[in-house]
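The values are calculated or read from the model by the stated rules, or taken from the named source; none is laboratory data. This structure is a prediction, so every number in the text was calculated from the model and none was measured. With ideal geometry, Cβ positions are generated from the backbone for all residues, glycine too; neighbour counts draw on all protein chains shown.
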Amino acid sequence: MILIDKYTSHFACAGSLLLFIVSASHGQEQDAAEQQDDELSMITVVGRRVANEFPASTYDSVTTLLRYDPQLDLQSRGLAESQADISVRGGLFENTGFKVGAVTIFDPQTGHYFADLPIDPGAMSPPEILTGIENSVHGFNSAIATVNYRLTELIDHREITLGIGSDDLRLGRMRIGQVLRDSGESVTGIEFSYSGSQGDGSLPNGDYDFQRFFARAQHRNADSQTDLVIAYQDKFYGWPGAYTGFSSLAETDHTKTKLLVINHLRNYSSDTWWELGAVYRQLTDDYDFDRTTIESGVPGSFDHETKAYAVGIQGALRLGTWQWRYGGQVTADKLVRSTDLTNGRFNSRSYTTVSIVPTRYWTTGSGNLVRLRVGATADLSNRDSDALLPLIGLSFEQFVAGGTNIYQIEYSAASQVPGYTVLNSRESGLFGGNPDLGRERANSLEFTVKRETRASQGSATVFVRRDKRLVDWTFLSGAPFARQANAVDLDVVGFELLWARQWEKTYWTAGYTYLDKNSDYGTAAVDASFYALNFAKHRLATGLIYRANDRLEFRLDGELRKQEENVLRSGDPEAFIASASIGWQFGVAQGFRLDLVIDNITNSNFEEFPGTPAARRQVSLQSRFSW
């Protein structure tokens with residue numbers, strides 16, 4: 001299996017770097033951790049909720065481990081790695097932020113590109129979905145949830161992956177990590193990866209061509225870790241009816257993303273620490289709603305460029321029986337150029353978020369723990385109204401034989417402001433904007449019961465939320481070829497059940513979510529909604545990993561869903577979607593592995609967005625050699 005065309009030169013360059021690093025290692029032996037990683041190992045972190053780490057259609061990205069997460073709904077246009085909107089507890093795609101280290105990284109143009117992070121997932125922890133008070137403290141401009149990642153400790157590793165598959169898929173990935181200095185007290189290392197894939201896609205005009213370059217330097221000791229990340233991604237994909245919902249239109253989207261991250265974490269104890277980070281992100285976007293026409297530099301070309309700079313801090317300070325939890329971020333962005341986002345009141349904006357949550361701990365006579373959190377978040381902007389938002393929570397941890405029971409009730413408020421696609425688009429047309437839309441707010445009340453043991457975790461949450469002036473894109477039957485940005489007030493009621501269990505050879509996770517919404521669009525003329533009212537009323541997701549022996553492993557993810565009724569939807573509102581893989585570890589070649597990966601086993605045609613065709617079944621064979 002050989003990559004051809006332009007990938008050959010990239011792998012030649014990466015191979016030269018590999019030889020240099022290998023020679024610089026002076027023949028150091030792999031440590032026991034690396035040898036264990038070469039084998040088919042079980043996931044021992046109960047918190048991970050998705051089994052398949054690699055898709056069948058391309059290289060893995062930050063969205064791969066979100067595809068079947070029971071706590072969120074990933075809505076994709078074509079491949080999840082092509083474009084993905086993230087909805088948590090019935091929120092919209094712009095209501096969920098992505099955080100790396102101390103900083104939330106976002107795109108000021110549109111939330112459709114929030115998940116376009118060119119960071120190699122191998123350098124990050126599994127995603128953690130933060131809601132309620134945790135979202136308010138950790139998050140920035142994300143009213144409902146934050147997908148939180150931390151940068152992992154860098155170790156020696158070398159890995160090459162090559163793959164071929166259906167629809168003329170070709171993919172390759174190379175990861176190299178080298179510890180340059182290990183004094184016993186501190187470690188310094190570097191890491192590099194290149195990933196590339198291209199294919200025709202599972203539908204006509206569904207072709208794609210992706211490349212990602214990632215490099216990281218790290219210095220760490222027992223109490224601190226500093227990371228410098230430089231990353232770039234060039235991503236082109238086509239998909240019929242991707243954003244318009246008209247499958248007769250052969251749409252394409254071509255984005256180029258540059259990212260620079262500097263992050264430092266300092267630990268003093270388990271409850272006193274701080275983390276400081278800075279981010280620069282630039283994204284250029286060339287979207288075409290019809291690839292058969294050629295436009296450039298004129299209205300209707302949909303060409304944009306944005307830049308964003310951010311500095312963020314997170315931390316905690318323990319003083320007696322109180323812990324002071326704090327977080328904040330300052331961001332400045334600019335719509336550098338655009339052919340179509342020209343009707344707004346401004347092209348640059350600055351934002352500030354500061355959260356302080358004093359936390360009091362009590363220990364009862366029986367040794368159980370009571371925690372009270374009372375605080376607030378202040379959201380400020382030079383272009384919008386400001387907001388002061390209260391936070392309060394009470395929890396009780398009961399330590400019993402075999403585990404811990406946790407009971408928690410909390411009220412939280414969060415806010416955000418809309419992006420430039422909402423504010424600066426023309427007020428009519430294919431994507432009608434609204435320059436008068438302002439700050440959105442979400443007020444949530446939730447009650448959670450958790451049970452944690454050495455081998456299992458389980459939780460049940462009931463929540464109610466009031467969304468005020470949430471930005472939605474709506475449909476009116478009198479103007480079927482246009483959509484309009486409108487504000488909506490939503491009353492959301494939901495139930496969320498999560499469970500995970502580890503056995504000797506098996507890891508199983510599952511979750512169920514129920515949602516109900518009541519909407520009020522005020523005086524706006526609305527017949528249907530593309531986002532706020534496009535949600536799963538019932539969704540059941542599960543993941544399973546079974547290790548038959550030291551050489552053979554099976555992985556399965558699946559979701560069963562029933563969508564809320566929507567007049568835009570003509571297809572079946574019910575669907576079962578699944579992905580699976582079989583992995584073989586070859587004893588004759590230590591570190592050599594083959595994976596057969598299948599996405600959409602049932603070949604479901606369920607439309608994540610009404611009118612946008614689903615990606616169909618895809619199969620690939622991927623070989624991985626690590627040493």
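The selection criterion, being of a type in the set (Gly, Ala, Ser) and touching a helix residue (DSSP H, G or I) at 6+ places or on another chain (Cβ under 8 Å), does not hold for SER57.
So if I check each of ARG325, ARG349, ARG360, ARG337, which one is more than 27 Å from the chain's Cα centre (by Cα) and at pLDDT 95 or above?
Numbers: ARG325 fails: more than 27 Å from the chain's Cα centre (by Cα); ARG349 fails: more than 27 Å from the chain's Cα centre (by Cα); ARG337 fails: more than 27 Å from the chain's Cα centre (by Cα).
That would be ARG360, the only listed residue that is more than 27 Å from the chain's Cα centre (by Cα) and at pLDDT 95 or above.
Assigned to a strand (DSSP E or B), of a type in the set (Val, Ile, Thr), touching a residue at least 60 places away in the same chain (Cβ under 8 Å) and at negative phi: does that describe VAL370? The answer is no for VAL370.
For the condition of a type in the set (D, E, K, R) and surrounded by fewer than 23 Cβ atoms within 10 Å (Cβ to Cβ), GLU94 does not qualify.
Residue pairs whose Cβ atoms lie under 6 Å apart, separated by 6 or more positions or on different chains, with the first residue in segment 290-308 and at negative phi and in contact (Cβ under 8 Å) with a residue 40 or more places away in the chain and the second not in a strand (DSSP E or B) and not small (Gly, Ala, Ser), are ASP290/LEU249; PRO299/THR339; PRO299/ASP340; HIS304/GLN109; THR306/PRO108; THR306/GLN109; ALA308/PRO108. For segment 501-537, the set of residues classified as more than 17 Å from SER444 (Cβ to Cβ), out of contact with any Phe, Trp or Tyr (no Cβ under 7 Å at 6 or more places or on another chain) and among the aliphatic types (A, V, I, L, M) consists of ALA524, ALA525, VAL526, LEU533, ALA536, listed by residue number. Across segment 113-131, the number of residues qualifying as small (Gly, Ala, Ser) and crowded, with 21+ Cβ neighbours inside 10 Å comes to 2. Checked against (1) under 30 Å from ASN424 (Cα atoms); (2) surrounded by 15 or more Cβ atoms within 10 Å (Cβ to Cβ); (3) at pLDDT 95 or above, THR509 passes all but condition (1).
Given the criteria modelled with pLDDT under 95 and either surrounded by fewer than 22 Cβ atoms within 10 Å (Cβ to Cβ) or of a type in the set (Gly, Ala, Ser) (or both), does SER247 qualify? Answer is yes for this residue. Cβ-Cβ distances below 7 Å connect the following pairs, each with a first residue in segment 176-195 that is farther than 18 Å from PRO121 by Cβ, a second residue that is acidic (Asp, Glu), and a separation of six or more residues or different chains: GLN178/ASP156; VAL179/ASP156.
Scanning segment 114-146 for residues that are touching a Lys or Arg at 6+ places or on another chain (Cβ under 8 Å) and either polar (S, T, N, Q) or assigned to a loop (DSSP other than H, G, I, E, B) (or both) yields ASP116, PRO118, ASP120, SER125, PRO126, THR131, GLY139, PHE140, ALA143, ILE144, THR146. Checked against the criterion of being hydroxyl-bearing (Ser, Thr, Tyr), in a loop (DSSP other than H, G, I, E, B) and closer than 19 Å to LEU72 by Cα, segment 526-547 contains one or more residues that satisfy it.
Residue by residue, here is whether (1) over 30 Å from GLU427 (Cα atoms); (2) surrounded by 15 or more Cβ atoms within 10 Å (Cβ to Cβ) holds:
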| residue | (1), (2) |
| --- | --- |
| THR523 | no, no |
| LEU568 | no, yes |
| ALA575 | yes, yes |
| THR612 | no, yes |
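Residues in segment 300-322 that are closer than 30 Å to THR364 by Cβ and not in a strand (DSSP E or B): GLY320, THR321. Scanning segment 594-609 for residues that are assigned to a strand (DSSP E or B) and buried (at least 21 other Cβ atoms within 10 Å of the Cβ) yields ASP595, VAL597, ASP599. Does segment 132-145 contain at least one residue that is within 30 Å of VAL619 (Cα to Cα), buried (at least 23 other Cβ atoms within 10 Å of the Cβ) and at pLDDT 95 or above? Scanning segment 132-145, I find no residue that is within 30 Å of VAL619 (Cα to Cα), buried (at least 23 other Cβ atoms within 10 Å of the Cβ) and at pLDDT 95 or above, so the answer is no.
If only one of ARG291, ARG325 is farther than 20 Å from SER381 by Cα, of a type outside the set (Gly, Ala, Ser) and not in a strand (DSSP E or B), which one is it? After applying the criteria, what remains is ARG291.
A search for C-beta distances below 8 Å between a residue of segment 315-343 that is more than 30 Å from ASP288 (Cβ to Cβ) and β-branched (Val, Ile, Thr) and any residue that is at pLDDT 95 or above and surrounded by fewer than 18 Cβ atoms within 10 Å (Cβ to Cβ), counting only pairs 6+ apart in sequence or on different chains, returns THR321/ARG360; VAL330/VAL311; VAL330/SER350; VAL330/THR352. Scanning segment 168-202 for residues that are surrounded by fewer than 18 Cβ atoms within 10 Å (Cβ to Cβ) and closer than 30 Å to GLY238 by Cβ returns ASP168, ASP200. Residues in segment 384-425 that are closer than 30 Å to THR342 by Cβ and aromatic (Phe, Trp, Tyr): TYR420 alone.
The combined condition, being charged (D, E, K, R), surrounded by fewer than 20 Cβ atoms within 10 Å (Cβ to Cβ) and in contact (Cβ under 8 Å) with a residue 60 or more places away in the chain, is not fulfilled by ARG555.
I'd like the full set of residues that are in a strand (DSSP E or B) and surrounded by fewer than 24 Cβ atoms within 10 Å (Cβ to Cβ), limited to segment 147-161.
As a first pass, look at segment 147-161 and keep what is in a strand (DSSP E or B): 147-149, 151, 157-161.
Matches in segment 147-161: ASN148, TYR149, LEU151, HIS157, ARG158, GLU159, ILE160, THR161.
For segment 242-284, filtering for residues that are under 20 Å from GLY101 (Cα atoms) and either under 19 Å from the mean Cα position of the chain (by Cα) or assigned to a strand (DSSP E or B) (or both) leaves 24.
Residue-level check: of (1) more than 17 Å from TYR68 (Cβ to Cβ); (2) modelled with pLDDT of 95 or more, ASN549 misses just (2).
Among the residues of segment 294-346, those identified as within 18 Å of LYS256 (Cα to Cα) and of a type in the set (Gly, Ala, Ser) are SER296, GLY297, SER301, ALA308, SER338. Counting residues in segment 447-459 that are touching a residue at least 40 places away in the same chain (Cβ under 8 Å) and under 27 Å from SER385 (Cα atoms) gives zero.
Within segment 595-627, being over 21 Å from the mean Cα position of the chain (by Cα) and either of a type in the set (S, T, N, Q) or at positive phi (or both) holds for THR602, ASN603, SER604, ASN605, GLY611, THR612, GLN618, SER620, GLN622, SER623, SER626.
Yes/no matrix, rows are residues, columns are (1) over 21 Å from THR96 (Cβ atoms); (2) acidic (Asp, Glu); (3) crowded, with 18+ Cβ neighbours inside 10 Å:
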| residue | (1), (2), (3) |
| --- | --- |
| GLY367 | yes, no, no |
| GLY375 | yes, no, yes |
| ASP386 | yes, yes, no |
| LEU389 | no, no, yes |
| PHE396 | yes, no, no |
| TYR407 | yes, no, no |
| GLU427 | yes, yes, no |
| ASP436 | yes, yes, no |
